[in-house]
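Enquirer: My structure is below; once you've seen it, I'll send some questions.
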Amino acid sequence: MTHDDENTPFQRRIRSFVLREGRMTPAQQRAFDEHWARFGLDYTGQVRDLDATFGRAAPRVLEIGFGNGEALAWASEHDLARDYVGVEVHGPGVGRLMNALAARDATNVRIYKHDAVEVLEHEIVPGSLAEVRIWFPDPWHKKRHNKRRLVQPAFVALLASRMAPGGLLHLATDWEAYAEHMRETMEAAPGWRNRVGPGQSAERPAWRVETHFERRGMRLGHGVWDFLYEWHGTTQV
């Protein structure tokens, strides 16, 4: 759980999740037993050599909070030239994704079951990410909880330090108040350029499939906002 204590380190004050662990099915549990060694990345707190991990040098896409993995599985299958790193803390979703990856014998996906902030801070090489995707993060809709939202100036600055020149940050949400928060945060963040135009949201890109979660939100009358920001600042490596 998050404790927003100003005297604690950044990674302890801002988490990329709140753990609401659901019960795993037998198939999802088997995925950890049978497939973690192949697809899982154990957090070590040390910089990771992703070229060695994937056995090649390729552009890298990081998806934070991939949920049940539906979108990540589809994207990685249709974009074999790039490698995908997914970060999710909820066991059932991780297990489901690993089963999907094993079924198609995927080679370009690895998964962390850990907090994304710590992964970014300690395991991702500065200037190394071609793209970061944060799709439908927890909106923390109660005003007193807004400070817990993942997309905050300090976190955006951390992302910037890990982006390759011209790298893309793709945000999506179905919560209008969070969309406005994302827009305000990103438009004020130095070094980022809105691909569509200042302050503008984008049409859903072809590479983001419409998920079950998204369709459910739309049935409830939610809108959906996509934001595409390119990194054009200076990354300190």
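Only the coordinates and a few stated rules stand behind these numbers; no lab work does. It should be emphasised that the depicted structure is a prediction, and the values quoted were computed from it without experimental measurement. Ideal geometry is used to build each Cβ from the backbone, glycine not excepted, and the neighbour counts take in all protein chains shown.
Enquirer: Is the stretch 150-213 rounded, prolate or oblate when judged by the Cα gyration tensor, a ≥ b ≥ c being the square roots of its eigenvalues, rounded requiring a/c under 1.5 and prolate requiring a/b larger than b/c? Mind dumping the intermediate values first?
Expert: Values: a/c = 1.56, a/b = 1.33, b/c = 1.17.
Note, shape of the stretch 150-213 comes out prolate.
Enquirer: Mind telling me which of Arg104, Arg193, Arg204 comes out most flexible in a GNM of the chain, alpha-carbon contacts under 10 Å?
Expert: Answer for the Gaussian network model of the chain: Arg104.
Enquirer: Further question: How far apart, in nm, are two points set 7 Å out from the Cα along the Cα-to-Cβ line at Arg195 and at Ala81?
Expert: About 1.4 nm separates the two model spin labels.
Enquirer: Place +1 on the Cβ of every Lys and Arg and -1 on the Cβ of every Asp and Glu in the chain, take the dipole about the Cα centre, and give the residue among His170, Met218, Thr234 whose Cα lies farthest towards its positive end.
Expert: Met218
Enquirer: So how strong a dipole does the chain carry about its Cα centre when Lys and Arg Cβ are +1 and Asp and Glu Cβ are -1, to the nearest 20 debye?
Expert: Working: 31 positive and 32 negative charges, 91 e Å.
My answer is approximately 440 debye.
Enquirer: Around Leu41, which amide H atoms from residues at least 5 apart in sequence, or from another chain, sit under 5 Å from its own amide H, with H modelled in the peptide plane?
Expert: Ile111, Tyr112, Lys113
Enquirer: Compare Leu158, Leu72, Leu101 in a GNM of the chain, Cα atoms joined below 10 Å, and give the one with the largest fluctuation.
Expert: Leu158
Enquirer: Hey, another quick one. On the principal axes of its Cα set, how long, how wide and how thick is the stretch 63-152? Give whole Å, largest value first.
Expert: Rounded to whole Å, the extents work out to 45, 30, 20 Å.
Enquirer: Could you check the spin-label model distance between Trp36 and Ala177? Points 7 Å from the Cα along Cα→Cβ, value in nm.
Expert: Spacing of the two 7 Å Cα→Cβ label points: 3.7 nm.
Enquirer: Using only DSSP helix segments of four residues or longer, with each worth -39500 (n - 2.57), what per-residue ellipticity at 222 nm results for the chain after dividing by its residue count and rounding to 500?
Expert: Numbers: 9 runs with 82 residues, N = 237.
That comes out to -10000 deg cm²/dmol.
Enquirer: Dividing the Cα convex hull volume of the chain by residue count, how many Å³ per residue is that?
Expert: Expressed per residue, the convex hull around the Cα atoms of the chain is 133 Å³.
Enquirer: Let me ask something else. Between Thr107 and Phe213, what length comes free when the chain is fully extended (0.36 nm per residue of separation minus the Cα-Cα distance, one decimal in nm)?
Expert: 35.5 nm
Enquirer: Please work out whether the stretch 99-224 counts as rounded, prolate or oblate from its C-alpha gyration tensor, where a ≥ b ≥ c are the square roots of the eigenvalues and a/c under 1.5 means rounded, while otherwise a/b larger than b/c means prolate and anything else oblate? Intermediate values should be presented prior to the final figure.
Expert: Numbers: a/c = 1.44, a/b = 1.08, b/c = 1.33.
Here the stretch 99-224 falls in the rounded category.
Enquirer: Rounded to whole Å, give me the distance from the Cα center of the stretch 148-225 to that of the stretch 63-136.
Expert: Cα centroid to Cα centroid, the span is 17 Å.
Enquirer: To continue, here is another question. Could you check which residue among Leu62, Leu220, Leu159 shows the biggest mean-square fluctuation in a GNM of the chain with a 10 Å Cα cutoff?
Expert: Leu220
Enquirer: Charges on Cβ only, +1 for Lys and Arg, -1 for Asp and Glu, centred on the Cα centroid of the stretch 35-87; of Ala75, Thr44, Leu62, which one is farthest towards the dipole's positive end?
Expert: After comparing all options, I get Thr44.
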